[in-house]
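J.: Dropping the structure in here first, questions after.
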Amino acid sequence: MLTSRIIPSILSKLGNPRVRAGQLAQGVRQLVLIAIALWLPRLEVGLEAIGWWEQFQYLGYLLGFSWLTGLGQAYLVRLRDLDTPAANRLTAQVMTTILAISLTILLLGVLLQGPLLQFLTGDSYLPGWLFFLCFLAAHWPGLLAEQVLLARARPMQLISYSLLTNAALLAAVILPLYFGYSFETALPYLLGVALLKFLLTLMFLRPWLDFRAWVRQHWRKWLLVGSPLVIYAALNALNLSFDAWFVNFWYEGDDDRFAIFRYGTRELPLLAAATNGISQAVLPILSTSAGLASQRGLQQLKNSSLRLMHLFFPVAILLLLSSPYWWTWVFTEQLADSLSLFQVFLLLGISRMLFPIPVMTALGLGRELMIVGLIEIGINAVLSIMLVQSMGLIGVVWATVITYLLDKLVAVFWLWRRRGVPISAYCAWEWLLGYSLVLLGVYWVVGQ
């Protein structure tokens, strides 16, 4: 009882409790992945096995990010027009839809295993592929619980759910390896964790699992809102996944090289969680009828992003300056070549501090988002092909950093010209510009 009072009080003092809980939930997930990345080189599993784990993360992102993100954002946007009974029915419909899509991907992944893996990884075999597909099919519906708890403003339940499920995932990966079992042995435990997460999701939603509501009006409207968001998210996922696919293609499925690339392109710990948490928590406010008109949502977005800048840039500068001294100590000598990639990838945080996409999503600019996504993929593909020939792996990273910045700037320009929403309405651009110049200057001095 004491904890249930203390934690909400702490969250409220740190800002909007919904924003902070959303960021914390995503932050816990990122911390678990970071912990696994730090442990694997020390568990004597070999660089090839580390490459397999990174391949699994890449494939899971590629197969699930776009439709989960798009439908999840549409769910948050759609709730603004619904009363509680209708919102509960929509939740059940969303759950059913996500489960159906997950099972479909599982079936296709089994039937098309050889050609699918060959195309995506450059190798027709990946140890534990079937177990991993089953894990994804149970894991994806479980992610809906976080969206539901976020939408219903239940920060304590969201934090508890996230801590429990992510701690179980960490244990499922690390403990079998720690006790000397093979990498493939850990995968059945991962599947068990995903099933646990799925059952917990059903517990959260059990009063509203009205599957007869499958074809009701709110479900159709949700899909109508979600379709362009899914397409944009798919384009975004393709752009992010293009780098990994391109490395597999260019280096002919070399798992060692892939592991080096993936370790070097890890974002600053918790950065993605913080930015995604801001977007998800602010989106319902921006999507209300008064959200943009009253400027309340835009101002909250601006304030949240400014607080994040004050945290991100000093930490990024410190990491950039100190990385040559701790990189091999943290990740071992076998991943020393990842350092130069990491130093460039830190610069990606500049574009992460710009948030035009949630505003465009709230305004219903799905068509414009799709165009922005197509431009992003085209630029990234061209730059990657050009730069990898002269710079190697680091050229692929530079292509991503440049592409993401251009993508955000195009979205900023579009909002200003088409909807009259200036960057100053949702971003403290003077701070962003100053911080960015300092970070670029530090990289120019110390970057390898």
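J.: Treat every Asp and Glu Cβ in the range 25-102 as -1 and every Lys and Arg Cβ as +1, leave all other atoms uncharged, and give the resulting dipole magnitude about the Cα centre to the nearest 20 debye.
T.: 260 debye
J.: Compare Cys427, Cys134 by solvent-accessible area with a 1.4 Å probe and give them largest first, with all protein chains kept in place.
T.: Ranking Cys427, Cys134 by accessible area, largest first, yields Cys134, Cys427.
J.: With just the Cα atoms defining each centre, how far is the range 370-413 from the range 423-447? Give it in Å.
T.: Result: 19 Å between the Cα centres.
J.: While we're here: Using protein chains only and a probe of 1.4 angstrom, how many square angstrom of Asp254 are accessible, to the nearest 10?
T.: Counting only protein heavy atoms, Asp254 exposes about 70 Å² to solvent.
J.: Around Gln55, under 11 Å between beta carbons, what's the net of Lys plus Arg minus Asp minus Glu among the other residues?
T.: So the environment of Gln55 carries a net charge of -3.
J.: What are the ³J(HN,Hα) couplings of the range 392-407, residue after residue, when phi is run through the Karplus curve with 6.51, -1.76, 1.60 and θ = phi - 60°? Round to Hz, x for glycine and proline.
T.: Here the 3J(HN,Hα) series is x, 4, 5, x, 5, 5, 4, 4, 5, 4, 5, 4, 5, 5, 4, 4 Hz.
J.: Could you go through the range 139-150 in sequence order and give the Karplus-derived ³J(HN,Hα) for each residue, using 6.51 cos²θ - 1.76 cosθ + 1.60 with θ = phi - 60°, rounded to whole Hz, and x for Gly and Pro?
T.: After applying 6.51 cos²θ - 1.76 cosθ + 1.60, I find 6, 4, x, x, 5, 4, 4, 5, 5, 5, 5, 5 Hz.
J.: So which trypsin sites (Lys or Arg not before Pro) in the range 73-168 end up in coil per DSSP with only 13 or fewer other C-beta atoms within 10 Å?
T.: Sparse-neighbourhood loop trypsin sites (Lys or Arg not before Pro): none present.
The values are calculated or read from the model by the stated rules, or taken from the named source; none is laboratory data. What you see is a predicted model, and the numbers here were worked out from it, not measured in a lab. Positions of Cβ are generated from backbone atoms using ideal geometry, with glycine treated the same way; all protein chains shown enter the neighbour counts. Areas reflect the complete protein model, heavy atoms only, side chains present, ligands, DNA and RNA absent. Shrake-Rupley method; radii C 1.70, N 1.55, O 1.52, S 1.80 Å.
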